[in-house]
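Structure first, commentary second.
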Amino acid sequence: MASLTTPALTPMAFAQAIVRAYAHRGLDPASALKLSQIAPDMLNNPAARITAAQMERISSLAMQELDDEALGWFSRRLPWGSYGMLARASISSPTLGVALQRWCRHHALLAEDITLNLSVTGDHAVLTITEHRDLQALREFCLVSVLRNFHGLACWLIDSRITLTGAAFGFEAPAHRDAYAVLFQAPALFNQAYTAITFDASYLALPLRRDEAALRQMLKRALPLTVLQYRRDRLLVQRVRQALLTQPEATHSAGDLAALLNLSARTLHRQLKEEGASLQTLKDQVRLERAKDLLLRTQRPIKQVAQAAGFQNDKSFMRAFKGWTGLSPAEFKQVQGQVGGGPPAADVSDGAAGE
């Protein structure tokens, strides 16, 4: 668990919502507040903030004391272990997309008050919450928590930071709206016709990296998903390859590429290493793919192919190409021509990749 001395950024409004859940059940939150180091005068200050660890602590205690993992959001309780059951129903999925679809479908069996829907529009995956009753005073806390639990679960399942590209909320901007930049780390829009988070749909194709043993360990604590930070983004290799392929003029150096991906060069190299890749290897792969494509589909001379593939001269290109394939460019073209048949297409492109 994170230290209680970490920066206090979570709005006190969420702790106040938990206190309302206690009141609704006729129970006293005093012990949970004390163990979470939330003083009464602090609780009554709407401008106050608590740490993520304090929020995790009071949430965990309340879920067990109230025997409700939904903390009073819904018309019926979700007994302790409900979300663990949902996670177990998803853990055997082959991909993140299948796991999250299962989560949405099974969530509807537990709580009829809201519906979760995961859809894909173009390159974006969208998780939308539809409300079926007035959630009243707990509405903001409910919607924010459900979105963050979904996001946290997704990150945990693939052991990767999933960067959100947007967050929309069907309520007015609260007084603590500045906290949403921390809660979602994405542009937040209020007074929308729906409540949703958006992220790159490519994540949905990634395989799960967790098993039953990891799930049992994770479920020993309540709500670790909402505060756990992931340093890796397992789409980074794919994004680097795409940038090298589509924007060669903007990716001449590691610094240029890192800036394009909103990273530092040091972070870029470190995260690629964590994924078992290197920038040089990815560059070589992209160069080889482009060279093969030009050799087979165009009539460009070797010198032009070398330039387009990012080499300063044809000699270095031919040396590298033979190292990659075991064949010279001419031999490769001849062999592939015999296998595939047909003459290369006329060359209509004029772009050239840089070093």
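Every read-out reported here was derived from the displayed coordinates using simple, explicitly stated rules and does not represent laboratory data. All values derive from a computational prediction rather than experimental measurement. Using ideal geometry, Cβ is built from the backbone for each residue, glycine included, and neighbour counts are taken over all protein chains shown.
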How far is helix 329-340 tilted off the main Cα axis of the chain, in degrees rounded to 10, range 0 to 90?
80
Below 21 Å, Cα to Cα, which lysines can residue 333 reach? Residues fewer than 8 away in the same chain don't count.
292, 303, 315, 322
Which ³J(HN,Hα) values in Hz, rounded to whole numbers, follow from the phi angles of the range 119-135 under the Karplus curve 6.51 cos²θ - 1.76 cosθ + 1.60, where θ = phi - 60° and Gly and Pro get x?
10, 10, 10, x, 8, 10, 9, 10, 9, 10, 9, 10, 8, 10, 7, 6, 7
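Quickly estimate the mean residue ellipticity at 222 nm for the chain, helices only: each DSSP H run with n ≥ 4 gives -39500 (n - 2.57), and the total goes over all residues, rounded to 500. Show your work: numbers first, answer last.
Values: 16 runs with 172 residues, N = 355.
Taken over the chain, the calculation gives -14500 deg cm²/dmol.
For a quick protection proxy, order the peptides 187-200, 120-133, 285-298 by their average other-Cβ count within 10 Å, most packed first. Please list the in-between numbers first.
Numbers: 187-200: 16.4, 120-133: 14.2, 285-298: 18.3.
So the order, starting with the most tightly packed, is 285-298, 187-200, 120-133.
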Return the lysines within reach of residue 220: Cα separation strictly under 23 angstrom, same-chain partners fewer than 8 residues apart disregarded; answer none if there are no such residues.
34
Which angle between 0 and 90 degrees, to the nearest 10, do you get for helix 265-274 versus the longest principal axis of the chain when only C-alpha atoms count?
80
Which trypsin sites (Lys or Arg not before Pro) in the range 11-84 sit in a loop by DSSP (not H, G, I, E or B) and have at most 11 other Cβ atoms within 10 Å of their own Cβ?
76
Just check the chain against the gyration tensor rule for me: Cα atoms, a ≥ b ≥ c as the square roots of the eigenvalues, rounded for a/c under 1.5, and otherwise prolate or oblate depending on whether a/b exceeds b/c.
prolate
Just want the answer: with Cβ charges of +1 for Lys and Arg and -1 for Asp and Glu, which residue in 64, 89, 17 is farthest toward the dipole's positive end in the range 1-116?
89
With +1 on the Cβ of every Lys and Arg and -1 on the Cβ of every Asp and Glu, the dipole magnitude of the chain about its Cα centre, in debye rounded to the nearest 20, is 920
Inter-label distance, nm, simple model (7 Å from Cα along the C-beta direction), residue 191/residue 163
3.0
How far is the Cα center of the range 272-306 from the Cα center of the range 40-69, in Å?
54
Report the FRET efficiency, 1/(1 + (r/R0)^6), for residue 115 and residue 269, where r is their Cβ-Cβ distance and R0 is 41 Å, rounded to 0.05.
0.45
Any idea what angle helix 236-246 forms with the longest principal axis of the chain, computed on alpha-carbon atoms, 0 to 90 degrees, nearest 10?
40
Test of the criteria: in the range 277-328, which chymotrypsin sites (Phe, Trp or Tyr not before Pro) are in a DSSP loop and have at most 13 other Cβ atoms within 10 angstrom of their Cβ?
none
